[in-house]
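Presented below is the structure to which this report refers.
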């Protein structure tokens, strides 16, 4: 456990003209901080062309191997466990770079820890990364900004399509509302734990809202809200020394006792004990 109250956050390195950074994934060029738990202030796509390795996203460990598209969303806690043999590309970008289309891609970053592609699909994704890298190296100009933006959107749309096909998830009615909810949840989970707030923000009745979210997630919206709160609590307990009372307040619990009760109901262990066990790992 780190002796600090915040998780290390990596800022987005980019030029003055656009909030995007593209580079080849080469072990010798990876900053030392990526070998330590850190949060991203940006979205990141990792394209593994060759090699094997492992990385951890929100305490879940995933294998990285050739033809894998790995996705790390803004705010997730990330660390490379093994990256010495990896090669490929990584793209980092700010959410604002794709607005208003950015919200359309939100579920892509919630799907899983990585997407293993077939040879034909890998060729498509690899070509898009090559085009992005080539365009990124051109002289700065307005055309470059728009070209990169559209190439990145194309890459995200292709990845979204491949992810849905791999999981046999054809797009269903009201899927856009589900995407909106996921984006709204990221912004508001620390202050709003009740489904009424989210239903109101989406101009839906409580019943309509619950039906739509359950249809697409297989879980009631209240469950998704509490899981998101729990995930943030686990992040801070494992990777920081933030006092539990302050953590409870930050997550919208006015009484630390209620936070501890909630945490124990979810995981069968108190926040303090969870932190102690995480430190021993």
Quick check: residue separation of residue 206 and residue 123 times 0.36 nm, minus the Cα distance between them. What number comes out in nm? 25.4 nm
Extension gain from residue 140 to residue 250, taking 0.36 nm per residue of separation minus the Cα-Cα distance: 35.5 nm
Mind sorting 21, 263, 189 by how few other Cβ atoms lie within 10 Å of their own Cβ, fewest first? 21, 189, 263
Quickly work out the residue 191-to-residue 257 label distance, labels modelled 7 Å from Cα along the C-beta direction, and quote it in nm with one decimal. 2.7 nm
With r as the distance between the Cβ atoms of residue 227 and residue 277 and R0 = 25 Å, compute the FRET efficiency 1/(1 + (r/R0)^6) and round to 0.05. 0.80
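No value in this document is a laboratory result; all are computed from the given coordinates. Because the structure is predicted, anything quoted here is derived from the model rather than measured. Glycine also receives a Cβ, built like all others from the backbone with ideal geometry; neighbour counts cover every protein chain displayed.
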